[in-house]
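To start, the structure itself, in structure tokens.
The values are calculated or read from the model by the stated rules, or taken from the named source; none is laboratory data. Only a predicted model underlies this, so the values are computations on that prediction, with no experimental measurement involved. Reconstructed Cβ throughout: ideal geometry from the backbone, glycine too, with neighbour counts over all protein chains shown.
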Amino acid sequence: MTMKLIQRSYTKEQADLLEATGIHPVLAKLWAARGISSVQELSLDLKNLIPPSELTHCEKAAAYLATAIQNHKKILIVADYDCDGATACAVGMRGLKALGAPWDIQVDYFVPNRFTLGYGLTPEVVDLAAERLHKPDILITVDNGIASLTGVQRANELGMEVLVTDHHLPADTLPKAAWIVNPNQPNCNFPSKALAGVGVMFYLLIALRAELRARGAFTAENQPRLENLLDLVALGTVADVASLDRNNRVLVSNGVKRIKHGLMQPGIQALYIAAGKDPSKASTFDLGFTIGPRLNAAGRLSDMSLGIQCLLTDSQEEALQLARELDRMNRERRTIEAGMQETALASLVDIQVDTQASVCLVNADWHQGVIGIVASRLKERYHRPTLIFAPGEESGERVLKGSGRSITGFHLRDALDVVSKKYPDLILKFGGHAMAAGLTIREDSFKFFKDSFEAVAKNLMTEETLQRQLVHDGFLDPEFMEPEFGAMLGNETWGQGFPAPVFFGEFEVLSQTLIQEKHLRMQLKAIKENGVSDSKILNAIWFSRAQTLPNPAKLAYRLVTDYYQGVARAQLHIEALDEAL
């Protein structure tokens, strides 16, 4: 499928205004193209966080928790099995301990096994939670709970109250919890709807600290430093692919800064060591593609308790031992994923995916812990909303567990809601957001679901939505293709909703070599706007591209700085070839 290359638009007047304040001319254009209208918006100091008072019920839930802590109520955090849920749990555990609730006596956590107990606060999870701490008084859900109507009801029946902290979209009915803190619940006007589960928990702790300070538990001078938890907040936010609006950029940039300065939990440091990465050069890319997947491996193949324990231990020795086990599990996950992807691709050989609006596959041998990653890989390959199913079990009944990933312009959770309303008994349960969702259906419902989802997808999407596109930032003068400028770009906070820059230009191809039979390594010379080749030779690589390039070639690329034997070098990571020559 050909890719349509589109230049990201910006207002020259806006870029000029930013440049006039002393901002680098290229950065001024990049900021203007990403909606930055004033230099003040670039300040990512913690003082720029939206206050907790704007997050509905946050301060009331904090007052409720403060009373619970002072009355020695027993609190159990019920976590989720992904990176956002694990970091949210660790933030909650560490934060509550710092604020006066000791572990194992007053506070503990429980993470359900996704394979046997499913997702969220189910009645079965509540029954198991009731056995912890000799029956908790309060359950706090992190990164789940907004859809747990029957689970919250069961907790209430057993005499346990529930405080829901979540960021997922709610169903038509809310659970009857003591309090719900969720920026996406009805009538919540919190400006950052993109707050991840870990961000919601961090906000609750900020409000709780303020409440306890008002009650005289400590002063502004001796209060616990909750900013010590920002490395965890950054990891969970980036790994959950939360949109990096300004509020999330404040959280993430401060977390990354702490990691770079060596101020991190032993578990995060250990994960960097296990991955062979240098935390002093930390970036959002590391968190999303190196550290996050290793933590997620526990929830995908086994039990996220291992990952949470890695984030909770203060022993560097134990953290490294756990991180190495997580690294081993991640390698195992990659092997399983490769086999599943091969099977999936083989099953699509005779199908014209271009004529479909969606991809929906099932296989009796697939591992339900890895289906989300396979869905993501196939979505990237075919540019179609993709749902992958594997066998599972729920309440003694054999079912199919599905995980989906979407493309820009197609809200996956809303599409599943349309299918669910049209055929009320088809989907047993579902949840998620625009770009990712999960669901459960009966074993014998796959064909009907596949056809129903395809019909909804065709109805909701346009030809433009189905056209693969790459948005770039235009021409970069060759004078900036230097390691210093690459490092400057690398120090900024990029991510979902605030994309790292991709430039576009024409190059003279000096050489191209295939490495490991799958990556194309090149030496290039940039062709300047006057049509003359620049003098310097640039190293470039196109990952997972075996086909050689024409000469000259018009390329979309990222400028990165890599280090070889301690020497900084500029390198181009090629993203696309403009074939309309």
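Matching residues to (1) touching a strand residue (DSSP E or B) at 6+ places or on another chain (Cβ under 9 Å); (2) in contact (Cβ under 8 Å) with a residue 60 or more places away in the chain; (3) surrounded by fewer than 19 Cβ atoms within 10 Å (Cβ to Cβ):
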{"residue": "L387", "(1), (2), (3)": "yes, yes, no"}
{"residue": "A390", "(1), (2), (3)": "yes, no, no"}
{"residue": "E397", "(1), (2), (3)": "yes, no, yes"}
{"residue": "S403", "(1), (2), (3)": "yes, no, no"}
{"residue": "D414", "(1), (2), (3)": "no, no, yes"}
{"residue": "K422", "(1), (2), (3)": "no, no, yes"}
{"residue": "F430", "(1), (2), (3)": "yes, no, no"}
{"residue": "A437", "(1), (2), (3)": "yes, no, no"}
Report summary line: Among R545, R558, the single one that is basic (K, R), under 30 Å from L42 (Cβ atoms) and not assigned by TED's automatic domain parsing to the domain that holds L251 is R558
Requested in this report: Please indicate, with yes or no, whether at least one residue in region 108-124 is in contact (Cβ under 8 Å) with a residue 24 or more places away in the chain, in contact with a strand residue (DSSP E or B) (Cβ under 8 Å, 6 or more places away or on another chain) and closer than 15 Å to K73 by Cα.
Outcome: yes
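For every residue, the table says whether it meets (1) under 14 Å from E479 (Cα atoms); (2) surrounded by fewer than 19 Cβ atoms within 10 Å (Cβ to Cβ); (3) more than 36 Å from the chain's Cα centre (by Cα); (4) in contact (Cβ under 8 Å) with a residue 24 or more places away in the chain.
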{"residue": "R521", "(1), (2), (3), (4)": "no, yes, no, no"}
{"residue": "K528", "(1), (2), (3), (4)": "yes, yes, yes, yes"}
{"residue": "V532", "(1), (2), (3), (4)": "yes, yes, yes, no"}
{"residue": "Y557", "(1), (2), (3), (4)": "no, no, no, yes"}
{"residue": "Y564", "(1), (2), (3), (4)": "no, yes, no, no"}
Report summary line: Within region 114-130, residues polar (S, T, N, Q) and outside any helix (DSSP H, G or I) come out as T122
Query raised in the report: If V374 satisfies every condition in (1) surrounded by fewer than 15 Cβ atoms within 10 Å (Cβ to Cβ); (2) part of a helix (DSSP H, G or I); (3) of a type in the set (V, I, T) but one, which is the exception?
Result: (1)
Query raised in the report: Could you give every pair whose Cβ atoms fall below 9 Å, whose first residue belongs to region 138-162 and is without any contact (Cβ under 8 Å) to a residue 40 or more places away in the chain and farther than 22 Å from A66 by Cα, and whose second residue is assigned to a loop (DSSP other than H, G, I, E, B) and basic (K, R), counting only separations of at least 6 or pairs across chains?
Result: L149/K176; Q153/K176; L158/K135
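What do you reckon, is F446 out of contact with any helix residue (DSSP H, G or I) (no Cβ under 7 Å at 6 or more places or on another chain), touching a residue at least 40 places away in the same chain (Cβ under 8 Å) and not β-branched (V, I, T)?
Against the criterion (out of contact with any helix residue (DSSP H, G or I) (no Cβ under 7 Å at 6 or more places or on another chain), touching a residue at least 40 places away in the same chain (Cβ under 8 Å) and not β-branched (V, I, T)), F446 qualifies.
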Report summary line: Given the conditions (1) assigned to a loop (DSSP other than H, G, I, E, B); (2) farther than 26 Å from Y109 by Cα; (3) among the small types (G, A, S); (4) at pLDDT 95 or above, every one holds for A217 apart from (2)
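To keep it simple, each residue is scored yes or no on (1) crowded, with 17+ Cβ neighbours inside 10 Å; (2) in contact with a Ser or Thr (Cβ under 9 Å, 6 or more places away or on another chain); (3) at pLDDT 95 or above.
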| residue | (1), (2), (3) |
| --- | --- |
| R114 | yes, no, no |
| G120 | yes, yes, no |
| V142 | yes, yes, yes |
| G159 | no, no, yes |
| V164 | yes, yes, yes |
| N189 | no, yes, yes |
| V198 | yes, yes, yes |
| Y203 | yes, yes, yes |
| L212 | yes, no, yes |
Query raised in the report: For region 228-257, what are the residues that are surrounded by fewer than 24 Cβ atoms within 10 Å (Cβ to Cβ) and within 16 Å of G92 (Cβ to Cβ)?
Result: N228
Requested in this report: Would you be able to tell me the number of residues in region 447-465 that are surrounded by 11 or more Cβ atoms within 10 Å (Cβ to Cβ) and either β-branched (V, I, T) or outside the structural domain of G404 (by TED's automatic domain parsing) (or both)?
Outcome: 2
Report task. Identify all residues within region 464-523 that are in contact with a Phe, Trp or Tyr (Cβ under 7 Å, 6 or more places away or on another chain) and polar (S, T, N, Q); write none if there are none. Result -> T465
Requested in this report: Please verify whether region 129-137 includes one or more residues that are at pLDDT 95 or above, under 27 Å from V238 (Cβ atoms) and surrounded by fewer than 21 Cβ atoms within 10 Å (Cβ to Cβ).
Outcome: no
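Is there a residue being under 26 Å from P186 (Cβ atoms), surrounded by fewer than 23 Cβ atoms within 10 Å (Cβ to Cβ) and modelled with pLDDT of 95 or more anywhere in region 72-88?
Scanning region 72-88, I find no residue that is under 26 Å from P186 (Cβ atoms), surrounded by fewer than 23 Cβ atoms within 10 Å (Cβ to Cβ) and modelled with pLDDT of 95 or more, so the answer is no.
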Query raised in the report: Among the candidates V125, V111, V107, which residue alone is farther than 24 Å from L232 by Cα and outside the structural domain of L428 (by TED's automatic domain parsing)?
Result: V125
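For region 119-151, enumerate the residues that are aliphatic (A, V, I, L, M), out of contact with any Gly (no Cβ under 7 Å at 6 or more places or on another chain) and farther than 14 Å from Y109 by Cα.
I146, L149
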Report summary line: All conditions in (1) crowded, with 16+ Cβ neighbours inside 10 Å; (2) more than 23 Å from Y81 (Cα to Cα); (3) under 20 Å from the mean Cα position of the chain (by Cα) are true of G409 except (1)
Report task. Could you check how many residues of region 287-344 are within 19 Å of the chain's Cα centre (by Cα), in a loop (DSSP other than H, G, I, E, B) and among the polar types (S, T, N, Q)? Result -> 0
Query raised in the report: Identify, please: which residue in region 13-37 is surrounded by fewer than 13 Cβ atoms within 10 Å (Cβ to Cβ) and touching a residue at least 12 places away in the same chain (Cβ under 8 Å) and is, among those, nearest to V200 (Cα to Cα)?
Result: S37
Query raised in the report: Checking R8 against (1) free of Cβ contacts under 8 Å to residues at least 12 places away in the same chain; (2) farther than 30 Å from R209 by Cα, which test does it fail?
Result: (1)
Report task. Being under 25 Å from S395 (Cβ atoms), modelled with pLDDT of 95 or more, of a type in the set (A, V, I, L, M, F, W, C) and touching a helix residue (DSSP H, G or I) at 6+ places or on another chain (Cβ under 7 Å) narrows it down to one of F430, F453, so name that one. Result -> F453
Report task. Could you give me the residue pairs with C-beta distances under 6 Å whose first residue belongs to region 314-325 and is in the same structural domain as A274 (by TED's automatic domain parsing), whose second residue is among the hydroxyl-bearing types (S, T, Y) wherever it lies, and which are 6+ apart or on separate chains? Result -> A319/T313
